[in-house]
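Undergrad: I have a structure here, written as C-alpha cells, and I will follow up with some questions on it.
The values are calculated or read from the model by the stated rules, or taken from the named source; none is laboratory data. Predicted, not measured: the structure shown is a model, and the values here were computed from it. Neighbour counts run over all protein chains shown; Cβ positions are idealised from the backbone, glycine included.
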Amino acid sequence: MEPTLVTSIGQIQLDRPVMLASGILGISLDVFNRLYRAGAGAVVTKSLSKEPWEGYPNPTIFSVKGGGWINAVGLSNPGATNFAKMIEPNQDVPIIVSLVGSIPEDFEIMIKQFEKCKVTAYELNLSCPHVAKVGLEVGDDPELVKKIVTTVKKTTDVPIIAKVGLGTTHYLNTVGTAIDSGIDAITAINTVRAMAIDVETQRPILSNKFGGLSGTPIKQIALRCVYEISSKYDIPIIGCGGISTWEDAVEFFLAGSCAIQLGSAVGDNWFDVFNDINNGITQYMKKKNYSRIEDMVGLAKKL
C-alpha cells in the first residue's frame, strides 16, 4: 500500500506535512496558491499586527557563512484588517494566519477581522526576537501568555497554535503555560536572537543591530526543543528551524513533531523544495514500511 502523507495537528488535518513558515512569501494569495500546487500542505502568513507596520530600514537581512540568515525586517505587514480583505471565503489553500501583538485585546480585535474568512488556524507569534514589546517579551511573561491564549480561545473556535522561541526565560515554561491555557498546538521554534558586525566599518550590519538567525545553523537547536517538548507534554508539535531536506523532516518527526515548516529553505530553493521533501519522506516511509506520518512521530524517544 502506498503510504499517505496526510497528517493531523490536533483538529487540523493536512494532506501533506510540509508547510510554509511565517515570514516567507506570506502576504500574497497568488503565491499561496503556487506554493500549494508545489506541495505545501499549508501556508502560514507573515505575522500580522493590529495596525500596518513599516518595519525597519535597510539593511534588514544578512547571509551567514555555512547557510542561514539573520533578519531584522521588523515584522513589516499590511495589518490584519487589510489582509483579511484579501482572503477569499472559499479558497482551497489551508491558510494559517500568524498574529503578533502586545496585549490580549490586540489579538481579539485581529481575529474578529477574519470571522468571515476561511482560516485553518491562527498561529500566535509569541517569540519574535527582534521587535520590542511583542514576540519574546510576550513569551517571557507567563501571565501575559495565559491572558492572550485564554482571550483568543474565547474569541474563536478556530484552532490556535502558539509559536515559541528561546527568550530570557525557559521556553518550556511558556509551552506549559500555553497548554494550561488551552492552546491546540505548538510551533517550535522561532528564529534565534543574533547579530553580525562588519569588520571594515566596525559597526553592526543590520540597522536594528540584532536580528533573528534562521536556517541550517539552528536546526539542531530546534530539533532538541521539539524532543524536549514532546517528552514533557502531550501536545501536537510543528517543527520549525533549519529544515531543508527530507532527512531533516524525518528527524523532526522522530523527535515528536507531526508536521514541519520551511522558511529559509524556500528562499534558497524556491518552490521545488516542498515536493522534493514530500517525495523523500514517501520513499523513506516505503523503505521502513510506514503507512502514515504518525507511525514515525516520537519514535526517537521509544527506541
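Let's see how each residue does on (1) over 19 Å from the mean Cα position of the chain (by Cα); (2) of a type in the set (A, V, I, L, M):
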site: Phe62; (1), (2): yes, no
site: Ile95; (1), (2): no, yes
site: Lys116; (1), (2): yes, no
site: Val119; (1), (2): no, yes
site: Tyr122; (1), (2): no, no
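Undergrad: Hey, among Thr81, Thr45, which residue is within 21 Å of Lys118 (Cα to Cα), free of Cβ contacts under 8 Å to residues at least 60 places away in the same chain and buried (at least 19 other Cβ atoms within 10 Å of the Cβ)?
TA: The match here is Thr45.
Undergrad: Does Val100 satisfy the criteria of being touching a Gly at 6+ places or on another chain (Cβ under 8 Å), modelled with pLDDT of 90 or more and surrounded by 19 or more Cβ atoms within 10 Å (Cβ to Cβ)? Don't jump to the end; show me each part of the working.
TA: On the way: touching a Gly at 6+ places or on another chain (Cβ under 8 Å): yes; modelled with pLDDT of 90 or more: yes; surrounded by 19 or more Cβ atoms within 10 Å (Cβ to Cβ): yes.
For Val100, the condition - touching a Gly at 6+ places or on another chain (Cβ under 8 Å), modelled with pLDDT of 90 or more and surrounded by 19 or more Cβ atoms within 10 Å (Cβ to Cβ) - is met.
Undergrad: Confirm whether Asn33 is farther than 21 Å from Ile237 by Cα and part of a helix (DSSP H, G or I).
TA: Considered against the rule, which asks whether it is farther than 21 Å from Ile237 by Cα and part of a helix (DSSP H, G or I), Asn33 comes out as yes.
Undergrad: Conditions first: (1) surrounded by 17 or more Cβ atoms within 10 Å (Cβ to Cβ); (2) modelled with pLDDT under 95; (3) more than 23 Å from Ala42 (Cβ to Cβ). Ser181 passes all but one, so which condition is the exception?
TA: (2)
Undergrad: Show me the strands (runs of 3 or more DSSP E) found entirely inside the stretch 71-169 where at least 2 residues are aliphatic (A, V, I, L, M) and closer than 21 Å to Trp53 by Cα.
TA: Hits in the stretch 71-169: 95-99.
Conditions (1) polar (S, T, N, Q); (2) under 23 Å from Leu25 (Cα atoms); (3) out of contact with any Ser or Thr (no Cβ under 8 Å at 6 or more places or on another chain); (4) part of a strand (DSSP E or B), marked per residue:
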residue	(1), (2), (3), (4)
Leu213	no, yes, no, yes
Arg224	no, no, yes, no
Ile229	no, no, yes, no
Val250	no, no, yes, no
Asn275	yes, yes, yes, no
Ile281	no, no, yes, no
